């Protein structure tokens, strides 16, 4: 399969590989996909006091397109608010990397990963608010 | 200095996909060349020397091929390749004997062209038993014995598997088939020229051979059809009645000559080449095992051709690994299904978990593979497996002691 230069660049020089402390209150973690399907993405975001995503990390088990898609979204979410990050569409990812039709599911998974990380972060915030309310 | 250096371009990756195809041996090309130009006669022309000369070339090749498998030259017919041979053998026998028999036995790990031929026959009323294989990729002989009924016309079991290189117990299968009075067809595309084959000792009635898997030309193959006791076939291609009426059409003389020469070279060099490849296979496996943990060889390592390794690199997806090892040409899963996202049906048939099937590479070693190439391949594989494991969430979990099976993954 022939891939775009952008895709190959993200595969060969992936941005933001790594892990953040998943137990930390300001970190949201999304783990999507399934090993049996050949793709698993872990995407983490760290949200600053100003509400902006100040760091993002990923780890991906999957084909080159899956690795490139997750690498790309870690770049895109940084500096955005979580509401803004939530608007990233799989079609934008697919277009940017020029994914071949059989690899579109990789971009869908990357979008799911962002959504899952944001949902995890929101759950943590809600819990924190609850504990604080209960304490007051 | 090996012969391959004459045909390999320096900027090309190392070729490690010998089960997909092989380069043609320059010695084969040499004997073919005159038949493209001045020895151009139609081998079926009986009235002049051009025809006789071409016919002599074809008949010599038939003899060379027959010798490779312990057959009589009259029992070898030329086809366009192993796919046609498999189609002709199975469909031809099934159609000829359909008034009396309607059952075929094969295995789940056959090449697609055997499985698809069987599916087509099922649609026209035949019954097919697809034997499962054991964890090592080999069939259970008792299961075979039990699957054969008085309606069975043919048992079709491949000699060597194209993905995992395992060698089926041909002699035992042949004995059972002879005892039960059913025909035994074997797809020997990956076996011929690599392991000793003897149609008499193995009681083989039909055998498919491919030219381009044995350093011969593409577009040619052969089918062995036993004469005593006679196996009858309905031809797929009719016309001038060439090839004992089994396969009409003018023979491509240069390709036939090339296939014959390829067979002769394989036979002559088989013992030494098998030993050399075994050493290379061991060297590669040892090299990988020394530097990587959690790698698994799929399929039996002992009953296997030395030119094949099929390895799962746990926690690293096969396609991403192939993208990394740009200096190596290998295949992931099955080359024939690389357009699909499904993991290999052969590995699934061995009971390899889907997640492990996704991490497999097929590495094929052959006549022109050198020690240096094997060492380079090991280095490149180790480097990229480590790189990809460092970015694999599954590897991370495994290192943390999390059982990946304990997680409820959402299917997508």
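Listed values, structure above:
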quantity	calculated
Residue satisfying condition, being surrounded by fewer than 22 Cβ atoms within 10 Å (Cβ to Cβ), in contact with a strand residue (DSSP E or B) (Cβ under 7 Å, 6 or more places away or on another chain), at pLDDT 95 or above and under 30 Å from residue A:131 (Cα atoms), within set A:22, A:78, A:42	A:78
Residues that are touching a residue at least 24 places away in the same chain (Cβ under 8 Å), in contact with a helix residue (DSSP H, G or I) (Cβ under 6 Å, 6 or more places away or on another chain) and facing chain B (nearest Cβ under 8 Å), drawn from segment A:1-43	A:11, A:14, A:32, A:33, A:35, A:39, A:41, A:42
Output for segment B:359-387, where each listed residue is in contact with a helix residue (DSSP H, G or I) (Cβ under 6 Å, 6 or more places away or on another chain) and more than 30 Å from residue B:26 (Cα to Cα)	B:359, B:360, B:382, B:384
Residue that is nearest to the other protein chains (Cβ to nearest Cβ) [pool: residues in segment B:317-326 that are assigned to a loop (DSSP other than H, G, I, E, B) and at pLDDT below 95]	B:317
Qualifying residue in segment A:44-55 (condition: within 11 Å of chain B (Cβ to nearest Cβ), touching a residue at least 40 places away in the same chain (Cβ under 8 Å) and closer than 21 Å to residue B:397 by Cα)	yes
Residue in segment B:288-306 that is under 18 Å from the mean Cα position of the chain (by Cα), outside any loop (DSSP other than H, G, I, E, B) and in contact (Cβ under 8 Å) with a residue 40 or more places away in the chain present	yes
Residue check for residue B:145: part of a helix (DSSP H, G or I) and either in contact with a strand residue (DSSP E or B) (Cβ under 8 Å, 6 or more places away or on another chain) or closer than 30 Å to residue B:24 by Cβ (or both)	no
Qualifying residue in segment B:363-375 (condition: within 11 Å of chain A (Cβ to nearest Cβ) and either in contact with a strand residue (DSSP E or B) (Cβ under 7 Å, 6 or more places away or on another chain) or without any contact (Cβ under 8 Å) to a residue 40 or more places away in the chain (or both))	no
Wholly within segment B:333-412, helices (runs of 4 or more DSSP H) carrying at least 1 residues that are modelled with pLDDT under 95 and loosely packed, with under 14 Cβ neighbours inside 10 Å	B:393-399
Pick from segment A:88-133, criterion closer than 23 Å to residue A:28 by Cα and surrounded by fewer than 11 Cβ atoms within 10 Å (Cβ to Cβ), ranking: modelled with the highest pLDDT	A:126
Test: residue in segment A:98-115 that is in a strand (DSSP E or B), within 13 Å of chain B (Cβ to nearest Cβ), under 20 Å from residue B:355 (Cβ atoms) and touching a strand residue (DSSP E or B) at 6+ places or on another chain (Cβ under 6 Å)	no
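Each row is one residue, and each column tells you yes or no for (1) over 30 Å from residue B:216 (Cα atoms); (2) more than 8 Å from every other protein chain (Cβ to nearest Cβ); (3) over 23 Å from the mean Cα position of the chain (by Cα).
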residue	(1), (2), (3)
B:349	yes, yes, no
B:354	yes, no, yes
B:394	yes, no, yes
B:397	yes, yes, yes
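Let's see how each residue does on (1) assigned by TED's automatic domain parsing to the domain that holds residue B:365; (2) part of a helix (DSSP H, G or I); (3) at pLDDT 95 or above; (4) closer than 30 Å to residue B:161 by Cα:
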{"residue": "B:30", "(1), (2), (3), (4)": "no, yes, yes, no"}
{"residue": "B:41", "(1), (2), (3), (4)": "no, no, yes, no"}
{"residue": "B:44", "(1), (2), (3), (4)": "no, no, yes, no"}
{"residue": "B:53", "(1), (2), (3), (4)": "no, yes, yes, no"}
{"residue": "B:57", "(1), (2), (3), (4)": "no, yes, yes, no"}
{"residue": "B:62", "(1), (2), (3), (4)": "no, yes, yes, yes"}
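The values are calculated or read from the model by the stated rules, or taken from the named source; none is laboratory data. What you see is a predicted model, and the numbers here were worked out from it, not measured in a lab. A quick note on method: Cβ atoms are made from the backbone with ideal geometry, for glycine too, and the neighbour counts reach across all protein chains shown.
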